[in-house]
Amino acid sequence: MKNTTLIIFLVLLALLGINGCSSYNGMVNKDENVSQAWSNVQSAYQRRADLIPNLVNTVKGYAEHEKSTLEAVVNARAKATSMNIDPSNLTPEMMKKFQEAQQGLSGALSRLLVSVEKYPDLKANQNFLELQSQLESTENRINVERNRFNEAVTVYNKTVRKFPNNIYAGLFGFTRKATFESKAGSEEAPKVNF
């Protein structure tokens, strides 16, 4: 009877250990997927930041009266590129700060591109057209990478919240990660007046 109880206990302990190892390795894998997706997001944002000096210099030659707009873009770029988040610290607060910095840059770029409408020579400039095309392409890449990041985080968060993974997650320090959230009011269609 003692041997049977001991064998049952050891078998249960072994199963628990195997399940724990499997759960741990699965969470590590999903955590690394989140880190990779975050790196791709940062890379896309960096590409946008790298395009901005060329865009500003191209516009500067044509639009001397837009000095304050150009300075706003440069300042917003500096703020956006200074905001870095380590993948292990993807908290809602840090994500909010990151998004605010990026939205500030997006707004400044939008104002710059609107001000360009006053300069037909600039709008026809091949360098400007190429930069504008690259910027548009980069914005699309940013959106794709943000969506992929959110998917990776969702899979990870589901894993660390499900039972019995939530027990192992607590033991090994796996916590929920924040996703990108849409900007307040973005659910409403913009009003266009002609």
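The values are calculated or read from the model by the stated rules, or taken from the named source; none is laboratory data. The structure displayed is predicted, hence computed values, not measured ones. Here the Cβ is made from the backbone with ideal geometry for all residues, glycine too, and neighbour counts use every protein chain on show.
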Wholly inside region 73-192, helices (runs of 4 or more DSSP H) that include 1 or more residues that are loosely packed, with under 11 Cβ neighbours inside 10 Å and at pLDDT 85 or above are 92-115, 126-161
Breaking point among (1) surrounded by 12 or more Cβ atoms within 10 Å (Cβ to Cβ); (2) at pLDDT 90 or above, for Pro53: (2)
Working only within region 1-50, note down all residues that are at pLDDT below 90 and of a type in the set (Val, Ile, Thr). Thr4, Thr5, Ile7, Ile8, Val11, Ile18
Of the residues Ala49, Ala72, Ala78, which is of a type in the set (A, V, I, L, M) and without any contact (Cβ under 8 Å) to a residue 24 or more places away in the chain? Ala78
Mind checking which residues of region 110-125 are within 13 Å of Lys67 (Cα to Cα) and among the β-branched types (Val, Ile, Thr)? Val116
What pairs come out if I take residues in region 163-178 that are under 22 Å from Arg146 (Cα atoms) and pair them with residues that are outside any helix (DSSP H, G or I) whose C-beta lies under 7 Å away, six or more apart or interchain? Lys177/Leu90; Ala178/Leu90; Ala178/Thr91
Criterion first (acidic (Asp, Glu) and either outside any helix (DSSP H, G or I) or crowded, with 17+ Cβ neighbours inside 10 Å (or both)) does Glu66 satisfy it? yes
